[in-house]
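Novice: Questions regarding the structure given below will be posed in turn.
The values are calculated or read from the model by the stated rules, or taken from the named source; none is laboratory data. This is a predicted model, so every value here is computed, not measured. Neighbour counts run over all protein chains shown; Cβ positions are idealised from the backbone, glycine included. Just the protein is used for accessible areas: all its heavy atoms, side chains included, with ligands, DNA and RNA removed. Shrake-Rupley method; radii C 1.70, N 1.55, O 1.52, S 1.80 Å.
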Amino acid sequence: MRNDTRTAAAWVVAGLCAVAVSGCSSSSGGGSSPSKSAAASAAPASPAAASTTATATAGTGKTVDTRSGSLGKVLVNDKGRTLYLFKADKPKKSTCTGACAEAWPPLTAKGKPTAGNGVKSNLLGTITRSDGSKQVTYKDQPLYLYKGDQAAGDMNGQGLSQFGAKWYVLDPTGKEVTRMATSSPTMTGSPSKSATGNGY
């Protein structure tokens, strides 16, 4: 009888242990670890990639360069277009506006103009036009392009008398050149990559 009691007790204990183990296993299996998607959603989102392309500006102004030809070295803009002075202008004062400025676009800059090959940087400057734009000057003389020039090196405006006065190219010292050209000049330096010019 005593042996039967012990056997029954053993079976009860075994049953209880089996239930406990089953419960622990069930509990352990039911509590799943956080899914990868949950972990990903919990992680802070990576910021969008910033654009590496910066907007280029012409804050340094237009470059004034030189070209060599039958008139010697003359001033040109960064694209090799010939620059002129207007004899009706006064030092640091432009008198070319309206239709004149359409035919003879002022060389303008958004900042301090830069000197190219053979150009004296201490002679460069700017004046403020009536429309608020900054016109480049050389030795206090306002500089212009000419719409009649079709390509770099053209000097079709040399010696013309328009809008009440003559137009002349300048040498690197800032002196007007009054003789007429016989051929287009050759640029002595490479066009500036950072400057944009006026498009003429």
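Novice: Name the residues in the range 117-136 that are part of a strand (DSSP E or B) and either open to solvent by less than 60 Å² (accessible area, probe 1.4 Å) or in contact (Cβ under 8 Å) with a residue 12 or more places away in the chain (or both), would you? Step through it out loud before you land on a result.
Specialist: Step one: filter the range 117-136 for residues part of a strand (DSSP E or B), giving 124-128, 134-136.
Once the filter is applied, which keeps residues that are part of a strand (DSSP E or B) and either open to solvent by less than 60 Å² (accessible area, probe 1.4 Å) or in contact (Cβ under 8 Å) with a residue 12 or more places away in the chain (or both), the range 117-136 yields L124, G125, T126, I127, K134, Q135, V136.
Novice: Restricting the range 69-82 to residues that are more than 24 Å from the chain's Cα centre (by Cα) and among the hydrophobic types (A, V, I, L, M, F, W, C), which is modelled with the lowest pLDDT? Let's see the steps before the verdict.
Specialist: Filtering the range 69-82 for residues more than 24 Å from the chain's Cα centre (by Cα) gives 69-75, 82.
Now drop any that are not among the hydrophobic types (A, V, I, L, M, F, W, C), which leaves 71, 74-75.
Values: L71: 89, V74: 96, L75: 97.
It comes out as L71.
Novice: Right, next: Looking only at residues in the range 62-76 that are in a strand (DSSP E or B), out of contact with any Asp or Glu (no Cβ under 7 Å at 6 or more places or on another chain) and open to solvent by 10 Å² or more (accessible area, probe 1.4 Å), which one is farthest from L124 (Cα to Cα)?
Specialist: Let us first name the residues in the range 62-76 that are in a strand (DSSP E or B), namely 63-69, 72-76.
Now narrow it down to the ones that are out of contact with any Asp or Glu (no Cβ under 7 Å at 6 or more places or on another chain): 64, 66-69, 75.
Next, from what is left, pick out any that are open to solvent by 10 Å² or more (accessible area, probe 1.4 Å): 67-69.
Details: R67: 17, S68: 20, G69: 22 Å.
Across the range 62-76, the extreme among qualifying residues is G69.
Novice: A further question on this structure: Output the number of residues of the range 153-184 satisfying the condition of being buried (at least 18 other Cβ atoms within 10 Å of the Cβ) and within 13 Å of L83 (Cβ to Cβ).
Specialist: Qualifying residue count, the range 153-184: 11.
Novice: Is it true that S33 is more than 35 Å from the chain's Cα centre (by Cα), more than 20 Å from K139 (Cβ to Cβ), at pLDDT below 50 and in a helix (DSSP H, G or I)?
Specialist: On the way: more than 35 Å from the chain's Cα centre (by Cα): yes; more than 20 Å from K139 (Cβ to Cβ): yes; at pLDDT below 50: yes; in a helix (DSSP H, G or I): no.
Considered against the rule, which asks whether it is more than 35 Å from the chain's Cα centre (by Cα), more than 20 Å from K139 (Cβ to Cβ), at pLDDT below 50 and in a helix (DSSP H, G or I), S33 comes out as no.
Novice: So the check is Cβ under 8 Å with 6+ separation or different chains; which pairs have a first residue in the range 68-94 that's closer than 13 Å to A181 by Cβ and a second one that's aromatic (F, W, Y) and assigned to a strand (DSSP E or B)?
Specialist: Note: pairs meeting the criteria are Y84/Y144; Y84/W167; Y84/Y168.
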